[in-house]
1. Using θ = phi - 60° and the Karplus relation 6.51 cos²θ - 1.76 cosθ + 1.60, list the HN-Hα couplings for region 92-106 in order, rounded to whole Hz, with x at every Gly or Pro.
2. Under the Karplus relation 6.51 cos²θ - 1.76 cosθ + 1.60, θ = phi - 60°, what is the ordered set of whole-Hz ³J(HN,Hα) values for region 125-136, x standing for Gly and Pro?
3. As a test, work out the antiparallel percent of DSSP beta bridges whose residues both lie in region 18-137, rounded to the nearest 5.
4. Need one number for region 26-83: average projected area of the convex hull over its C-alpha atoms, nm².
5. Looking only at region 68-110, which residues have a backbone nitrogen under 13 Å from a spot 7 Å from the Cα of GLU26 in the C-beta direction?
6. Below 8 Å, C-alpha to C-alpha, sequence gap of six or more: please give me the relative contact order for region 18-137 in percent.
7. Of all GluC sites (Glu not before Pro) in region 54-125, which ones are in loop regions per DSSP and have a Cβ with at most 15 other Cβ atoms within 10 Å?
8. Treat every Asp and Glu Cβ in region 18-137 as -1 and every Lys and Arg Cβ as +1, leave all other atoms uncharged, and give the resulting dipole magnitude about the Cα centre to the nearest 20 debye.
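Since every read-out is calculated from the coordinates, none of them should be taken as a lab result. This one's a predicted model, so the numbers in the text were calculated from it and none came from an experiment. Counting neighbours? That spans all protein chains shown, and the Cβs are built from the backbone with ideal geometry, glycine included.
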Amino acid sequence: MESNSIEAKIGSLAPDFSLPASNGQEITLTNFRGKSNVVVFFIRETYCIQCRIHAAHLGKLYQQFQEAGTEVIVILGEGVEKSKKFAESLKRPFPVLADPDRRVYLLYELEKYFSLFQRTASLVVDKAGIVRYLKRTTVPNVWLQESRELHGFLLSLEN
């Protein structure tokens, strides 16, 4: 896994990373530059119902995201086998990336809150590699409306 030390914030260059994916590929964020926007969703834990619902909604809207020039990737703080199982259970067209050491979580300032609660985030990186949308939280209830909000935001980028 590669990383740089640029802080993730709206208007900044998104910190780069490479992670193994559930589909057997190695996904690198910078490979999307100049090609498509990217929605990146960090799952809190596999047992997080709200995170699972949000990932499922992202899958339901996947075609609309693609029509808006956007790819979707989901990052799970577990190993490749767990990411494969999670991806299979979702039955969605996008890859689930494995970050077992949670180094990319830390790169995006998603450390555990009080060492107990995993922080989660949803972000949009535009075609130039700039973070245009970023929402971090320890309370995953926010994800229940997030996928539609993300789609609306992406449509606004096209104008």
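1. Once θ is set to phi - 60°, the couplings for region 92-106 become 10, x, 9, x, 10, 8, 9, 10, x, 8, 6, 5, 6, 4, 5 Hz.
2. Result, rounded to whole Hz: 10, 7, 4, 8, x, 9, 6, 10, 8, 8, 9, 10.
3. Numbers: 17 of 26 bridges.
Taking every DSSP beta bridge within region 18-137, about 65 percent pair in antiparallel fashion.
4. On the way: hull surface 17.4 nm².
Computing the convex hull of the Cα atoms and averaging its projections yields 4.3 nm².
5. Of the residues in region 68-110, none has backbone N under 13 Å from the label point off GLU26.
6. Details: 220 pairs, mean separation 38.9, N = 120.
Reported relative contact order: 32 percent.
7. On the way: sites: GLU67, GLU71, GLU78, GLU81, GLU88, GLU109, GLU111; in loops: GLU78, GLU109, GLU111.
Sparse-neighbourhood loop GluC sites (Glu not before Pro): GLU109, GLU111.
8. Details: 18 positive and 12 negative charges, 50 e Å.
Using Cβ point charges on Lys, Arg, Asp and Glu, region 18-137 gives about 240 debye.
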